[in-house]
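Take a look at the structure below.
The values are calculated or read from the model by the stated rules, or taken from the named source; none is laboratory data. On a predicted model such as this, the values are computed, not experimentally measured, just so you know. Ideal geometry is used to build each Cβ from the backbone, glycine not excepted, and the neighbour counts take in all protein chains shown. Surface accessibility is based on the protein's heavy atoms, side chains included, excluding ligands, DNA and RNA. Shrake-Rupley method; radii C 1.70, N 1.55, O 1.52, S 1.80 Å.
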Amino acid sequence: MKCVRVTEPAEFDGLAARALAEARDVFVLFFGRELAATGESWCPDCVIADPAVRKAVGKVEGAVLLEVPVDPRSDAASPTAVFRKRADIRLDRVPTLLRWTPDG
């Protein structure tokens, strides 16, 4: 499994398109961004789910996993809030795992 970190929301569409060009199976994992002070996610559910998600996606031969760290819902000024507004994503909670296709 190849993992690609989406560091800026504006990079998402380009990275997703590149992943789809090289792999049949593309997954997107939205999870709580790591806090600078601790290096750990602000989202305890994300920490618990991460190993299981990676294990499952890792079983899919040739899969690409786009890792998308997002800020807490309470941080409405965050650039990652865009994922809550996009019609093709409508991110409501984390962790969220999506199978990505050419149609979104």
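Taking only the range 34-73 into account, find how many residues are of a type in the set (Lys, Arg) and either open to solvent by less than 30 Å² (accessible area, probe 1.4 Å) or touching a Ser or Thr at 6+ places or on another chain (Cβ under 7 Å) (or both).
Let us first name the residues in the range 34-73 that are of a type in the set (Lys, Arg), namely 54-55, 59, 73.
This time we only want the ones that are either open to solvent by less than 30 Å² (accessible area, probe 1.4 Å) or touching a Ser or Thr at 6+ places or on another chain (Cβ under 7 Å) (or both), so: none.
Result for the range 34-73: 0.
If Leu66 satisfies every condition in (1) in contact (Cβ under 8 Å) with a residue 24 or more places away in the chain; (2) under 17 Å from Asp103 (Cα atoms); (3) among the aliphatic types (A, V, I, L, M); (4) part of a helix (DSSP H, G or I) but one, which is the exception?
For Leu66, the failing item is (4).
When the residues of the range 69-98 are narrowed to those that are basic (Lys, Arg) and in a loop (DSSP other than H, G, I, E, B), which ends up nearest to Asp13 (Cα to Cα)? Outline the logic, then answer.
Our first condition is that a residue be basic (Lys, Arg); within the range 69-98, this holds for 73, 84-86, 90, 93.
With the extra rule that they be in a loop (DSSP other than H, G, I, E, B), the set shrinks to 73, 86, 90, 93.
Numbers: Arg73: 22, Arg86: 12, Arg90: 15, Arg93: 20 Å.
Out of the qualifying residues, it is Arg86.
Could you tell me whether any residue of the range 54-62 is aliphatic (A, V, I, L, M) and either at pLDDT below 90 or under 21 Å from Trp42 (Cα atoms) (or both)? Talk me through it step by step, then tell me what you get.
Just the residues of the range 54-62 that are aliphatic (A, V, I, L, M), to begin with: 56-57, 60.
Add one more test, that the residue is either at pLDDT below 90 or under 21 Å from Trp42 (Cα atoms) (or both), and what stays is none.
Checked against the condition, which is being aliphatic (A, V, I, L, M) and either at pLDDT below 90 or under 21 Å from Trp42 (Cα atoms) (or both), the range 54-62 yields no hits at all.
Of all residues in the range 21-33, count the ones that are open to solvent by 50 Å² or more (accessible area, probe 1.4 Å) and under 19 Å from Ile89 (Cα atoms).
The initial filter retains those residues of the range 21-33 that are open to solvent by 50 Å² or more (accessible area, probe 1.4 Å), namely 21-22, 24, 33.
Applying the additional criterion that residues be under 19 Å from Ile89 (Cα atoms) yields 33.
Final tally of qualifying residues: 1.
Here are the criteria: (1) of a type in the set (Val, Ile, Thr); (2) crowded, with 19+ Cβ neighbours inside 10 Å; (3) modelled with pLDDT under 95. Tell me which single one Val94 does not satisfy.
(3)
Report the residue count in the range 11-40 for those that are touching a residue at least 12 places away in the same chain (Cβ under 8 Å) and within 14 Å of the chain's Cα centre (by Cα).
Of the residues in the range 11-40, 13 are touching a residue at least 12 places away in the same chain (Cβ under 8 Å) and within 14 Å of the chain's Cα centre (by Cα).
Quick check on the range 1-20: of everything there that is in a loop (DSSP other than H, G, I, E, B) and not acidic (Asp, Glu), which residue is least open to solvent (accessible area, probe 1.4 Å)? Reasoning before the result, please.
Filtering the range 1-20 down to residues in a loop (DSSP other than H, G, I, E, B) leaves 1, 6-8.
Filter once more, so that each one left must be not acidic (Asp, Glu): 1, 6-7.
Numbers: Met1: 92, Val6: 4, Thr7: 75 Å².
Once the filter is applied, the top-ranked residue is Val6.
Give all pairs with beta carbons closer than 6 Å in which a residue from the range 76-95 that is over 17 Å from Trp42 (Cα atoms) meets a residue that is modelled with pLDDT of 90 or more and aliphatic (A, V, I, L, M); count only pairs at least 6 apart in sequence or on separate chains.
Phe83/Ile89; Phe83/Leu91; Arg84/Leu91
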